[in-house]
1. With a cut-off of 15 Å, note down the residues of the range 171-185 whose backbone N falls inside the zone around a label point 7 Å from the Cα of residue 236 toward its beta carbon.
2. Dividing the convex hull volume of the alpha carbon atoms of the range 164-261 by its residue count, what do you get in Å³ per residue?
3. Using a 10 angstrom cutoff on alpha carbons, build the Gaussian network for the chain and name the most mobile of 175, 249, 237.
4. What distance in nm lies between label points placed 7 Å from Cα along the C-beta direction at residue 13 and residue 172?
5. How far is helix 48-60 tilted off the main Cα axis of the chain, in degrees rounded to 10, range 0 to 90?
6. Quote to one decimal, in nm, the extra length available between residue 43 and residue 185 on full extension: 0.36 nm per residue of separation minus the C-alpha distance between them.
7. Output the relative contact order of the chain, whole-number percent, from Cα pairs under 8 angstrom with separation of 6+ residues.
8. Once Rh is set to the Kirkwood radius over Cα pairs, what Stokes-Einstein translational diffusion coefficient, in µm²/s, holds for the range 120-210 at a temperature of 37 °C and a viscosity of 0.692 mPa s?
């Protein structure tokens with residue numbers, strides 16, 4: 001059975017004629033969103049009322065491809081502008097309820113009382129399409145956020161390992177903050193790549209800004225000195241803090257084998 005008794009154009013015409021009343025009823029259903037319509041429009045250039053009408057038309061037309069594309073677009077815009085998911089959920093649920101109210105009005109007006117079977121088929125079709133929109137929206141939102149976080153993480157990683165050239169063959173790596181396992185691995189990757197790329201012969205590593213280390217990261221750092229040496233580069237350590245030296249002594253790590261300490 002096609003949606004709405006195989007009379008999609010008639011139901012579209014009905015919704016078009018009742019457009020103002022549909023909008024009014026929709027805003028009554030979504031109180032929190034109603035109070036933020038102007039704010040949302042200003043932040044993300046999003047006309048929620050027009051978008052609601054667009055979604056309703058896609059559902060009436062049973063246009064699954066447009067629903068998926070629209071959901072993806074909305075998810076990206078919502079994520080890009082960091083807008084509250086709770087508002088989106090309230091809005092879509094208000095669209096669903098208002099849509100059903102007008103479907104009921106339409107059937108009464110057209111004297112088309114559905115049989116129980118017809119009603120359940122119709123309900124499943126409509127709710128499935130609205131759910132498809134919500135699922136697509138949340139998936140798109142999550143993917144965009146994950147990609148954004150990954151880009152920000154890579155940016156932070158790059159900024160946290162600033163290798164500064166002094167001459168064509170000498171570079172400085174000033175480290176600040178905490179030296180944990182993850183950062184030690186990042187330092188190793190960036191340092192070795194830069195040595196190979198720029199043909200660095202001497203890498204001066206300034207540890208005076210390192211506030212905290214773990215035994216594991218100290219051990220990892222010692223292996224880094226060996227790896228740098230194997231790349232044909234001379235590591236020079238400067239600014240060693242007493243705590244780090246103490247950890248090295250306790251762990252019987254001898255950096256002097258692979259690095260010059262100043």
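1. 171-174
2. Taking only Cα atoms, the range 164-261 has a hull volume of 79 Å³ per residue.
3. Per the Cα network of the chain with a 10 Å cutoff, 249 tops the list.
4. 7.9 nm
5. The helix 48-60 is inclined about 60 degrees to the chain.
6. 47.2 nm
7. It comes to 14 percent, rounded to a whole number.
8. 197 µm²/s
Each reported figure results from applying straightforward, stated rules to the coordinates on display, with no laboratory input. It should be emphasised that the depicted structure is a prediction, and the values quoted were computed from it without experimental measurement. Neighbour counts run over all protein chains shown; Cβ positions are idealised from the backbone, glycine included.
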